[in-house]
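Remarks on the structure that follows.
Computed from the coordinates by the stated procedures, all read-outs in this text should not be read as laboratory data. These figures come from a predicted structure and were not determined experimentally. Using ideal geometry, Cβ is built from the backbone for each residue, glycine included, and neighbour counts are taken over all protein chains shown.
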Amino acid sequence: MNANASTDGHAKTGKSSEGVIAPPAAWFQNGFHRFLDSYLKRHFHAIAFERTDMPAAISRNLNEPVIVYCNHPSWWDPLLAHYVNRKLFAPRQLYAPIDAAALKKYQVFEKLGLFGVELHSSHGAAAFLKTTAELFRRSGTALWLTPEGRFTDVRDDQAELMPGLSHLCSRTDRGLVVPMSLEYAFWEERLPECLIRFGEAASLAEYANRSKAQWAEDLTARLRDNQAKLAELVIARSAEPFENLLHGKSGASGIYDWARRLKSWMSFHRFDAAHGDKFGSASDE
């Protein structure tokens, strides 16, 4: 997970050279999202977020940058970030840092707004701040981060966040920083549900005088509190609080669903592959 915006309210890091990251080509991203939509439908029963006015707030003022930071439970997270950004925050453009070594293996992500960062080095930290300063000058920037820096179980509330996020927030004086929590849960269907909750946003302008340490403490508390609230929703196993973004496949597939379909046909009933109706019936094609 644009044209250059007015330079009013720059990030405190100061100006960097133009074109640090070229905005992704619309034709390439559009093609990627067509593939992504069908790909996610094959692997998830639903992708849903708790109903909130946060997406509307994020999309309201495109001249203000947004930082979305989330926990990092799985390999799916970058793809989900791209999908959620497109569905909820359009026309904001997703940008996201990724380990420079990993980006060499998956160079296609450079065309989708991801940029390489050398982890655990002062040079890498300086380059990250320089790049984000440039991105925040562009209209409609959404910077996505997974500050845990590694795959972390959703129940692990002791994992420390890497310092880059708090450093960035302490040096930036405009925009919003928003915690987002992810869980991948199996309810009634063969495929998992991806469930999402947005936490309380913090205004970077309102807290412009906070230190890096204060930001680190506050950002961690916001994310962990949001994870705990999402966990309560997941345990309740009810779709009622959620708004569904994607209806994926239902049913067991294969010969078992073939037998169920035949039984429905013989009894003159419409076949429904779903085992439950938490997110409504989906196509079983």
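Is any residue of region 142-172 close enough, with backbone N under 19 Å, to a label point placed 7 angstrom from the Cα of His33 along the Cα-Cβ axis, and if so, which?
Only 142-145 fall inside the zone, counting backbone N under 19 Å.
What pairs in Lys87/Lys111; Lys104/Lys249; Lys41/Lys87 have C-alpha atoms more than 25 Å from each other?
Lys104/Lys249
If I model a spin label as a point 7 Å beyond the Cα along the Cα-Cβ vector, how far apart are those points for Glu200 and Arg60 in nm?
Between Glu200 and Arg60, the simple spin-label model gives 1.7 nm.
So who's got an amide H within less than 5 Å of the one on Val68, skipping anything under 5 residues away but keeping other chains? H placed 1.01 Å off N, in plane.
Leu143, Trp144, Leu145, Val178
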